[in-house]
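Below is one structure, written out as structure tokens; comments come after it.
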Amino acid sequence: MNAPEKILVLGIGNELRGEDGIGIYLARKLKALSIPGVRVEEHSGEGTSLLERLSQYNAVLLLDCVYADRPLGEIVEIDLTNGFLSREQVYSSSHQFGVSEAVRLAGVLGKLPERCRLVGIVGRHFGYGRGFAPEVLQAVPKAIARVQQILQEWNSSTH
């Protein structure tokens, strides 16, 4: 019998909205690695159901495409445990009531996991269509490596 998953990784996005699908893409790559103690799911980014998922685990790692005043393809990592995304973090989502709103509300309601972090890749194209800019695709291996490092740290501290 397998050990239950202690950590949730949510790949967030919409594959039909250009680079907004990079979170889903990252989640699929990560799921193929079958990391023990880690559950990997895909999520649309819709805030109310995201709020529910956040409250069910002690550690949640979100993978998403971010719109920020940073170079295309840059990896952005944000600690979300305080339940607030400041303007300095320059995080924006293409979702209406989405990631940042769900994180804020989870913090206010006391439903935010003990560990909650976002790893994102800066994107620019969120219109209809599939595919990613070369800069976004080039960031994937580095993003996966960082996610694996975070998960290893989290897994080792829960034993």
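Laboratory data are not the source of any read-out in this text; all were calculated from the coordinates shown. Everything quoted here is computed from the prediction, not taken from an experiment. As a convention, Cβ positions derive from the backbone with ideal geometry for all residues, glycine included, and neighbour counts pool all protein chains shown.
On a straight-distance basis, which lysines could pair with K111 in a cross-link, Cα separation under 20 angstrom, same-chain partners fewer than 8 positions away excluded?
The reachable lysines, counting only those whose Cα sits under 20 Å from K111, are K6.
For K29, which aspartates and glutamates qualify as cross-link partners when the Cα separation must be under 13 Å and same-chain residues fewer than eight apart are set aside?
Once the sequence-local aspartates and glutamates are set aside, what remains near K29 is E41, E42.
Does anything in region 49-75 have its amide N under 13 Å from the 7 Å Cα→Cβ label point of R39, and if so which residues?
The answer is 52-61.
Return the sequence-ordered ³J(HN,Hα) values of region 52-67 in whole Hz as given by the Karplus equation 6.51 cos²θ - 1.76 cosθ + 1.60 applied to θ = phi - 60°, using x for Gly and Pro.
Coupling constants for region 52-67: 4, 5, 4, 7, 9, 9, 8, 9, 9, 10, 9, 10, 7, 8, 10, 9 Hz.
DSSP loop GluC sites (Glu not before Pro) in region 108-159 with at most 12 other Cβ atoms within 10 Å of their Cβ, which ones?
Those satisfying the criteria are E114.
Amide H neighbours of V9 under 5 Å, counting only residues 5+ apart in sequence or on other chains, H built in-plane at 1.01 Å?
R39, V40, E41, L61
Does the chain come out rounded, prolate or oblate, given a ≥ b ≥ c as the square roots of the eigenvalues of its C-alpha gyration tensor, rounded meaning a/c under 1.5 and, failing that, prolate meaning a/b above b/c?
oblate
Restricting to region 7-157, what percent of DSSP beta bridges are antiparallel, rounded to 5?
20 percent
Determine the gain in length on full extension of the stretch S49-R130; use 0.36 nm per residue of separation and subtract their C-alpha separation, reporting nm with one decimal. Don't skip to the answer; put the middle values down first.
Working: separation 81, 0.36 × 81 = 29.16 nm, distance 2.44 nm.
Gain on stretching S49 to R130: 26.7 nm.
Starting at the first residue of region 126-138, write each ³J(HN,Hα) from the Karplus equation 6.51 cos²θ - 1.76 cosθ + 1.60 with θ = phi - 60°, in whole Hz, x for Gly and Pro.
10, x, 5, x, 10, x, 10, 5, x, 5, 5, 5, 5
Could you pull out the chymotrypsin sites (Phe, Trp or Tyr not before Pro) across region 9-91 that fall in loop regions by DSSP (anything but H, G, I, E, B) with no more than 13 other Cβ atoms inside 10 Å?
Passing sites in region 9-91 are F84.
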